[in-house]
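Down below is the structure, laid out as structure tokens.
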Amino acid sequence: YELGEKARLLGGWLTVNSDVYYIRWNDIQQALLLGCGYEYNSNAGNGRSLGPELEINAKLSEEWAVSASGAYTDSKITHPSAAYVGYLTTSALAPNGSPWCASATGCTAPILDIPKETASATLVYTRAIADYTLTARLSDSFVGPSFDESYYFGIPLPSYNILRTRATLLHGNWSVDLFIDNLTDKVAELTANNTSFQFNVPGLIRYSTNQPRTFGTQINYRF
């Protein structure tokens, strides 16, 4: 279920798109960890995801433009299957060493690897120079906290920001790009469960991280 709006204001210089949504999920698949450290995938039960979304695009002048977007997602398994309830009350140990759910009554769990908050912002500068068009872009992407698992269940993954910049010089069918991705060389913990073909141990969490600072150039020709 979704309810939203799309607005175009100030002669097209400002657009605002927003919505709120509710998604009902059946038979969500999640990884279940065995006491020996191995895992398997199973239908974990039914759940839901809900939240608002907002996107704003504004032209500040003939040369400057800005855009921003954000979303909040509240997702959880609200009616776990019998097998998943058994897992959450016995084998799914929280980082403090106790079962995730003390009993089957009212037992719920987060859907893994879905961040609660996401947002992005971009500043764009465009200018014509003789027969050339110069475009410079600075963007920031924010990903909020989420949960994953390794030997323990519900391992918190912290939020992170990734900053990018790009400059493009366009002339006819030719363009040259200079870019820097992950400008601040941020090390973000993306996932904690990377052991589908090997076992987990209590004292070791294998985090997957993002790509480090990367810079380069691209030359493109459009036919």
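Descriptive notes on the structure:
- Qualifying residue in region 183-193 (condition: outside any loop (DSSP other than H, G, I, E, B) and loosely packed, with under 15 Cβ neighbours inside 10 Å): no
- Among residues of region 38-52 that are charged (D, E, K, R), those with a beta-carbon under 9 Å from a residue that is surrounded by 16 or more Cβ atoms within 10 Å (Cβ to Cβ) and not in a strand (DSSP E or B) at least six positions away or on a different chain give the pairs 39/193; 39/195; 39/200.
- Within region 35-88, if we keep just the residues that are aromatic (Phe, Trp, Tyr) and at pLDDT 95 or above, the residue that is nearest to residue 123 (Cα to Cα) turns out to be 64.
- Checking residue 133 against (1) more than 25 Å from residue 23 (Cα to Cα); (2) in contact with a Phe, Trp or Tyr (Cβ under 7 Å, 6 or more places away or on another chain), the condition it does not meet: (2)
- Only a single criterion out of (1) closer than 19 Å to residue 64 by Cα; (2) open to solvent by 70 Å² or more (accessible area, probe 1.4 Å); (3) within 15 Å of the chain's Cα centre (by Cα) is not satisfied by residue 127, namely (3).
- Applying the condition of being β-branched (Val, Ile, Thr) and surrounded by 11 or more Cβ atoms within 10 Å (Cβ to Cβ) to region 202-218 and asking which residue is modelled with the highest pLDDT yields 214.
- Within region 106-123, the set of residues being open to solvent by less than 60 Å² (accessible area, probe 1.4 Å), more than 16 Å from residue 89 (Cα to Cα) and either without any contact (Cβ under 8 Å) to a residue 40 or more places away in the chain or among the aliphatic types (A, V, I, L, M) (or both) comprises 111, 112, 114, 119, 121.
- Residue pairs whose Cβ atoms lie under 6 Å apart, separated by 6 or more positions or on different chains, with the first residue in region 199-223 and more than 17 Å from residue 183 (Cα to Cα) and the second open to solvent by 80 Å² or more (accessible area, probe 1.4 Å), are 199/38; 221/174.
- Unique residue being part of a loop (DSSP other than H, G, I, E, B) and either at pLDDT below 95 or of a type outside the set (A, V, I, L, M, F, W, C) (or both) when the list is 151, 125: 151
- Residue 132 vs. criteria more than 19 Å from residue 60 (Cβ to Cβ), touching a residue at least 40 places away in the same chain (Cβ under 8 Å) and of a type in the set (Phe, Trp, Tyr): no
- Looking across 75, 49, 61, one residue alone is hydroxyl-bearing (Ser, Thr, Tyr), surrounded by 17 or more Cβ atoms within 10 Å (Cβ to Cβ) and farther than 22 Å from residue 151 by Cβ. It is 75.
- Taking the conditions (1) touching a Gly at 6+ places or on another chain (Cβ under 8 Å); (2) under 19 Å from residue 35 (Cα atoms); (3) open to solvent by less than 70 Å² (accessible area, probe 1.4 Å); (4) not basic (Lys, Arg) in turn, residue 103 satisfies each one other than (1).
The values are calculated or read from the model by the stated rules, or taken from the named source; none is laboratory data. Predicted, not measured: the structure shown is a model, and the values here were computed from it. Cβ: placed from backbone, ideal geometry, glycine included. Neighbour counts: every protein chain shown. These area figures cover heavy atoms from the full protein model, side chains too; ligands, DNA and RNA do not enter into them. Shrake-Rupley method; radii C 1.70, N 1.55, O 1.52, S 1.80 Å.
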